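This report concerns only the one structure given below.
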Amino acid sequence: MSLINKLFGKKSEYQPSTSPAADNFASQQTRSSGVDVNKPVENPKLKALFEQLQQQQTDELINQVFEEIAVRAHFLSVIMLSEEPQHNDDGTATFRQGSVMQFPMLTTQDGKHFYPAFTDWGELLKWRQIETPKTLILSFDDYATMVLQKEETDGVIINPFGDNFLLDRPLLAHLKTQKDLNTKGVSQQTITKETQVLLGEPKEYPTAMIAAILDFLKRKTEVQRAWLRLMVRDNEQSYLLVVEFSGDKDDLFGGIASVAIPYLKEMYIDMIPYRDGFGKDAVEGVQPFYNRK
């Protein structure tokens, strides 16, 4: 019950932020996230789940809502443009180099800032200050990137002028991690200076997993060294793999994840490049388990 109280806010709580007003733009919908702009954004399943949450608040139903938001839903987001894009025959729009796109935010009475997201046009038009909005269709991944890369942003509020549903920064980060682990086998996260992290050696060394990773790394000439640590962050333990390499990170880390996952059991594995500041600090004075000579 406490989780739902956290997720649902009061309709009167949100006010437009000091971002520039968007009431002078003609209605225009632009494609994002690989969706068809010629079809209206509606999200009927998500709206039905929201209605069910008003009647009953069970863990199973909450998880269904999270899954629908993170995996299948797309949302309308109001945008403000410094100049008009070039419109194409297929309904897409091309933005000129140097164009600036802004996303207005809503500010709570306690000074927190949230991006508004709308399940459909009916919900968006409840925003009385926005008469003829331009919109962009965004996915959960789009919003997670926007929030997690901007420290002063506190999250996303879905349908803020209806039965609103709040995704704050910690919840967005958690859902993004779980989605990436389920779909890619690896999650990319940013560790800031403010993040409290404890590092040490695993009590039970994952010998079989390291053997599989070693066999993989030996075939990768772009990898120079690799270290394994135990990391504790927000009371959650995971293996931390620090890798010194050149070339494409996504391909390398995805390959490592594919060989490591069968040995993880109930643990997670986080991977970071050695060249990152945190990576170097994490392995200072520690011997690598792999060293290409």
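Which of the aspartates and glutamates could a cross-linker span from K220 if the Cα-Cα distance has to be under 15 Å and same-chain partners fewer than 8 positions apart are dropped?
The qualifying aspartates and glutamates are E244, D248, D250, D251.
For the pairs K150/K203; K47/K150; K39/K112; K45/K126, flag any whose C-alpha to C-alpha distance is greater than 25 Å.
Those over the limit are K150/K203; K47/K150; K39/K112.
Within 10 Å of each residue's Cβ, count the other Cβ atoms and sort E123, E68 from fewest upward.
In order of increasing Cβ crowding within 10 Å: E68, E123.
For the stretch 233-239, just list the computed ³J(HN,Hα) in residue order, Karplus coefficients 6.51, -1.76 and 1.60, θ = phi - 60°, integers in Hz, with x standing in for Gly and Pro.
9, 6, 6, 10, 8, 7, 6
Amide H of A117 versus every other amide H placed in the peptide plane: which residues, excluding those fewer than 5 positions away on the same chain, fall under 5 Å?
Amide H neighbours of A117, under 5 Å, 5+ apart: I157, I158, N159.
Output the peptides 247-255, 168-176 sorted from most to least packed, where packing is the average of other Cβ atoms within 10 Å over each peptide's residues.
So the peptides 247-255, 168-176, ranked by packing, come out 168-176, 247-255.
How do T207, T153 rank when sorted from fewest to most other Cβ atoms within 10 Å of their own Cβ?
With the sparsest Cβ surroundings first, the list reads T207, T153.
Spelling out what I want: for every residue of the stretch 108-114, take phi, set θ = phi - 60°, compute 6.51 cos²θ - 1.76 cosθ + 1.60 (Karplus), and round to whole Hz; glycine and proline get x.
Going residue by residue, I get 7, 5, 9, x, 8, 10, 10 Hz, with x marking Gly and Pro.
Amide H neighbours of T135 under 5 Å, at least 5 residues apart or on other chains, H built in the peptide plane: list them.
Amide H neighbours of T135, under 5 Å, 5+ apart: Q28, Q29, T30, I79.
How high is the FRET efficiency between M267 and Q109 when r is their beta carbon distance and R₀ equals 41 Å, given to the nearest 0.05?
Result of the calculation: an efficiency of 0.50.
Run the paramagnetic zone check for K45: 7 angstrom along Cα to Cβ, then residues of the stretch 108-129 with backbone nitrogen under 17 Å.
119-120
Under a 5 Å amide H to amide H cut-off, with H placed in plane at 1.01 Å, what residues pair with Y290 once short-range neighbours are removed?
A226
FYI, it's all coordinate maths here, none of it is from the lab. Quick caveat: nothing in here was measured; it's all calculated off a predicted structure. As a convention, Cβ positions derive from the backbone with ideal geometry for all residues, glycine included, and neighbour counts pool all protein chains shown.
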